[in-house]
Each structure stands twice: as structure tokens, then as C-alpha cells.
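These notes concern the structure reproduced below.
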Amino acid sequence: MHNLPGVELKIVGDSAGVRLNSGWMLASRSLRTLVAAVYFALLARSLGVSGYGAFAGACAMAGILAPFATLGTGNLLIEAVARERREFPQRWANCLVLTLISGLCFTAIAVSLRPFVLPRSVPTSMVLSIALAELLFARLIDVAGMAFQAIEQLRITASINLALSFTRMVAAGALLAAFPHATPGDCSILYLLSTIVPAFAGLWLVTRRIGRPALQAVYNRKHFLHGLYFSVSLSAQTIYNDIDKTMLARISGIGAAGLYSAAYRIVDAAFSPVSAVLASTYARFFQHGEHGLARSANFGKRVLARAAIYSAFAGVAIWAAAPLLPSVLGKQFSESVVALRMLSPLLLFRSMHYLAADSLTGAGYQGTRTALQIFIAVVNVALNFAMLPRYSWRGAVWTSLGCDGALALLLWIAVWILCARERQAATSGQLESNAAAQA
């Protein structure tokens with residue numbers, strides 16, 4: 001592999017490199033979790049259950065569209081640069097151009113969908129601010145972080161991601177101080193402003209530390225289709241993670257959406273250490289997967305052993321600490337205690353399906369991963385339509401647990417089947433080679 005000009009690369013052993021990068025990402029995620037907890041508490045206290053439900057519903061709708069705002073170019077950047085570092089200038093140019101164009105287009109789509117997806121009480125101006133923040137500027141932050149992730153400088157990736165959490169916490173604190181009873185619309189404006197600042201800082205950092213984009217970017221039909229797999233996969237993932245919040249706001253009211261979203265936010269925070277490991281090992285899956293699925297799956301199993309132990313302990317801790325939630329967020333969130341306890345097994349299910357999915361992606365089976373995630377997303381939406389009118393947020397909890405558990409099972413079955421096919425193909429090839437040699 002070739003080094004990029006101006007980038008010093010340290011070659012470290014496989015386990016040593018993972019530990020180093022995991023350490024940086026874990027430190028960042030821990031700080032982000034703490035910062036996000038403060039931000040979340042400030043926001044919930046300022047907006048109340050209904051206001052937070054409206055805000056969470058709009059964010060969830062934007063989140064479903066967010067993966068298409070980059071068309072998978074960030075993942076393509078990591079895949080290409082992890083194997084050949086001289087690919088960076090052109091891939092980086094693709095990221096910037098497509099994120100800008102598609103981010104603006106999907107912002108317009110989000111605004112046009114508002115009357116059909118969200119309650120009438122959610123104003124268009126609020127959706128516009130959140131959509132610009134999530135579909136354009138937050139995606140620029142993502143690709144800036146992925147640029148450093150591709151060359152395994154996750155210390156800088158961690159700093160870029162932490163900057164976003166920090167600016168949002170400062171904005172929420174300023175909102176609560178200036179307007180103790182702020183509206184979701186006020187919050188959405190500060191949400192946008194607090195996303196713009198770290199976005200430009202991240203882009204400046206990539207240009208200074210890695211290099212400028214190529215003047216003539218190369219983006220062909222093959223890149224588009226491969227990137228679309230990543231986009232569809234991420235969107236399906238967002239659907240089965242977040243569509244229930246938007247549907248709850250529409251079907252059961254923004255109060256139910258607020259209660260459920262608060263509990264789900266705690267689970268997301270508890271999953272941060274596993275997310276740190278996933279981010280630090282992502283490029284390694286492509287390196288192992290270059291030699292076949294068995295190599296990437298074995299690597300994934302080693303990571304899963306530790307992730308599963310943490311997830312089990314964290315789930316128990318969440319169950320025990322759940323009664324403290326109303327004292328932090330307010331008495332309005334008392335029902336979130338039950339929701340949080342019911343959602344605690346989600347940590348283990350997530351660890352299992354993310355690592356199986358990354359094993360498939362690293363070995364070039366992104367299409368298989370995408371197909372299974374689309375299937376689960378469709379099932380998730382169908383179950384929510386059936387469950388939410390009758391069981392409200394409890395139906396959303398049962399649907400989330402069932403879909404994440406089923407996805408973990410299906411992805412590992414796919415890994416097992418495809419590994420068997422690869423072994424069979426290798427054996428057949430060896431037999432044909434031996435027969436040809438004897439002839």
C-alpha cells in the first residue's frame with residue numbers, strides 16, 4: 001500500500017492496531033455519551049414530553065433519508081483507500097460533490113413528506129432546519145470522519161464526531177438558559193447552527209491533514225450501484241431503528257413518541273462502546289475480506305465475543321438503573337422506565353447483527369446484507385402498523401426486539417451458508433487443478 005503525501009502512517013500489528021483505534025474511539029464515544037446525556041436531559045426538560053416527541057419524530061424522518069444523502073460514497077472511500085491509499089483524492093471528491101447535491105435534494109423531499117408523515121402540529125420550518133442539519137451538514141461531518149477512518153487515524157475521526165456532540169450540547173444549554181420553555185422550532189434552529197460549525201471544521205481538517213479532492217472526480221455506473229447498496233442498507237437499518245418513532249408520533253401521538261424515544265436514546269448511549277469497536281475495526285473487515293468471507297467472519301467472531309459480554313452486562317445495568325430516569329428527565333417520563341427495561345436486550349441483538357453484517361460487507365457480500373436488512377425493514381413497518389394502534393409504545397418495543405433478533409439470526413445464517421459455498425468452490429477448484437496436473 002502507498003502512503004498519501006503529508007500523511008504519516010504507522011504500521012502496527014492487527015490486534016495492536018485495533019486496540020489503539022478502539023481506545024481512541026471508546027474514549028470519544030464515552031465523552032460523546034456523557035455530552036449527549038447532558039444534551040438530551042437539557043432538551044427533554046426544555047421541551048417536555050410532547051415537544052420532545054415532535055422533535056424526535058422529525059429527526060427520525062430525516063434519519064431515514066440520511067443514508068441516501070451520501071449515496072454510500074463514504075463507505076466506498078473506506079473500501080478503496082483501505083486497500084489502495086492513492087485512491088483518496090478522487091474518492092474524496094466524489095464524497096463532497098454527491099453529498100452536496102443529494103443532501104439538498106433529500107432536504108426538499110423531507111419537507112414535501114411532512115404533511116403525510118408527521119402530525120400537523122410539526123411546522124414546516126422545523127422540518128427544514130432539521131433536514132438541512134441531518135441530510136447535508138451532518139453527512140459532511142460523517143464523510144470527513146470516514147476520510148480519517150479509511151487511513152486508520154481514528155483519533156481524528158473521534159475528535160470530529162465529538163465536536164458535533166459538544167456544539168449541540170452547548171446549543172441546548174444556551175436554549176434552556178435563554179428560553180426555559182422553548183418550542184421545538186426554536187430548538188431546531190439551534191440544532192442546525194450547531195451542526196454547521198463542526199461540518200466546516202471537519203472539511204478544513206481533511207484538506208489540511210490528508211489532501212485536497214481531485215479536480216476530476218471519477219464516478220461511474222459501477223461506483224453508483226455499489227454505493228447504492230450501502231445507501232439502501234443504511235436506510236433499511238435506519239428504518240428498523242427509527243421508523244417507529246415517526247409512526248408513533250403519527251399514530252399514537254407525540255407524547256407516546258417522546259416516552260419511547262427517551263428510553264431508546266438511553267439504549268443508544270449504552271451501545272456506544274460497541275459502536276466504537278465497530279468503527280475502529282470497519283476498515284479491517286475489508287482487509288480480511290479481501291481473502292474471503294471465512295477470514296472476515298473469523299475476525300468478526302473474535303470481536304463479537306467481547307462485544308457480547310459487554311452488551312449482556314450493560315443490559316443488566318440498564319435494567320437496574322432504569323428507575324432513576326424520571327429524576328433526571330422529569331416526572332413526565334415515568335413510563336419510560338418500563339420501556340427502557342423492555343428494550344435492554346436490544347444491546348446484545350445489535351452486537352450480534354452488526355458484526356455479522358460487517359463480515360459480509362468486508363468480503364464483498366454487501367448485496368446479501370442489504371437484501372436481509374430491507375426484508376427486516378419491511379417486516380418492521382408492517383408490524384408497527386399492526387401493533388402501534390393497539391399497544392402504542394409497547395408495540396414499538398416488541399417490534400424492535402423481534403426485528404433485531406431476527407436480523408441477527410438471518411445474517412449469521414447467511415454467513416454460515418456463504419462460507420460453506422466458498423469452501424465448496426475452493427475444494428472443487430483444487431480438484432480440477434489436480435486433475436489437470438495429472439492429465
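Does ALA297 fit the bill of being more than 17 Å from the chain's Cα centre (by Cα) and more than 27 Å from ALA339 (Cα to Cα)? Considered against the rule, which asks whether it is more than 17 Å from the chain's Cα centre (by Cα) and more than 27 Å from ALA339 (Cα to Cα), ALA297 comes out as yes.
Within segment 363-387, being closer than 22 Å to SER280 by Cα, at pLDDT below 90 and in a helix (DSSP H, G or I) holds for GLN366, THR370.
Farther than 17 Å from GLY289 by Cα, among the acidic types (Asp, Glu) and over 23 Å from the mean Cα position of the chain (by Cα): is that true of GLU422 in this structure? Criteria not met by GLU422. With respect to the stated conditions, ARG341 fails to be basic (Lys, Arg), at negative phi and under 17 Å from the mean Cα position of the chain (by Cα). A single member of ARG390, ARG341 is farther than 20 Å from VAL267 by Cα, basic (Lys, Arg) and modelled with pLDDT under 95, and it is ARG390.
Any residue in segment 112-120 that is in a helix (DSSP H, G or I), of a type in the set (Phe, Trp, Tyr), within 17 Å of the chain's Cα centre (by Cα) and modelled with pLDDT under 90? No.
Quick grid of which residues meet (1) under 24 Å from ALA249 (Cβ atoms); (2) buried (at least 22 other Cβ atoms within 10 Å of the Cβ); (3) touching a Leu at 6+ places or on another chain (Cβ under 8 Å):
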site: SER121; (1), (2), (3): yes, no, no
site: VAL127; (1), (2), (3): yes, yes, yes
site: LEU132; (1), (2), (3): yes, yes, yes
site: LEU135; (1), (2), (3): yes, yes, yes
site: GLN153; (1), (2), (3): no, no, no
site: ILE156; (1), (2), (3): no, no, yes
site: ILE160; (1), (2), (3): no, yes, yes
site: ILE189; (1), (2), (3): yes, no, no
site: GLY211; (1), (2), (3): no, no, yes
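What do you reckon, is LEU203 in a helix (DSSP H, G or I), within 13 Å of TRP92 (Cα to Cα), at pLDDT 80 or above and not basic (Lys, Arg)? For LEU203, the condition - in a helix (DSSP H, G or I), within 13 Å of TRP92 (Cα to Cα), at pLDDT 80 or above and not basic (Lys, Arg) - is met. Please go through segment 73-111 and give me each residue that is at pLDDT 80 or above, among the small types (Gly, Ala, Ser) and within 24 Å of HIS288 (Cβ to Cβ), ordered by number. Hit for segment 73-111 is GLY74, nothing else. Of the residues making up segment 220-253, just one is outside any helix (DSSP H, G or I) and modelled with pLDDT under 70, namely ASN220. If you go through segment 288-303 and pick out every residue that is farther than 20 Å from GLY367 by Cβ, surrounded by fewer than 22 Cβ atoms within 10 Å (Cβ to Cβ) and touching a residue at least 12 places away in the same chain (Cβ under 8 Å), you end up with 1.
If a residue must be free of Cβ contacts under 8 Å to residues at least 12 places away in the same chain and among the small types (Gly, Ala, Ser), how many such residues does segment 396-425 contain? The total comes to 2. Figure legend. Inter-residue proximity from segment 312-333: first residues over 19 Å from HIS181 (Cα atoms) and in contact (Cβ under 8 Å) with a residue 60 or more places away in the chain, second residues outside any helix (DSSP H, G or I) and among the basic types (Lys, Arg), beta-carbon distance below 8 Å, spacing 6+ or different chains. No pairs are indicated. Against the definition (within 23 Å of the chain's Cα centre (by Cα) and either more than 19 Å from LYS245 (Cβ to Cβ) or not in a helix (DSSP H, G or I) (or both)), how does GLU79 come out, yes or no? So GLU79 fits the description; yes. None of ILE141, ILE109, ILE156 is out of contact with any Phe, Trp or Tyr (no Cβ under 8 Å at 6 or more places or on another chain) and under 19 Å from TRP92 (Cβ atoms) except ILE141. Scan segment 125-143 residue by residue and report those that are among the aliphatic types (A, V, I, L, M) and under 15 Å from the mean Cα position of the chain (by Cα). Scanning segment 125-143 gives LEU135, ALA138, LEU140, ILE141, VAL143. Output the residues belonging to segment 359-384 that are hydrophobic (A, V, I, L, M, F, W, C), buried (at least 19 other Cβ atoms within 10 Å of the Cβ) and farther than 14 Å from LEU410 by Cβ. Within segment 359-384, ALA363, LEU383 meet the criteria. The single residue among VAL337, VAL328 that is out of contact with any Leu (no Cβ under 8 Å at 6 or more places or on another chain), closer than 25 Å to ALA44 by Cβ, of a type outside the set (Asp, Glu) and in a helix (DSSP H, G or I) turns out to be VAL328.
The values are calculated or read from the model by the stated rules, or taken from the named source; none is laboratory data. None of the values given here were measured: they were computed from a predicted structure. Quick reminder, even Gly has a Cβ in these numbers, built from the backbone with ideal geometry, and neighbours come from all protein chains shown.
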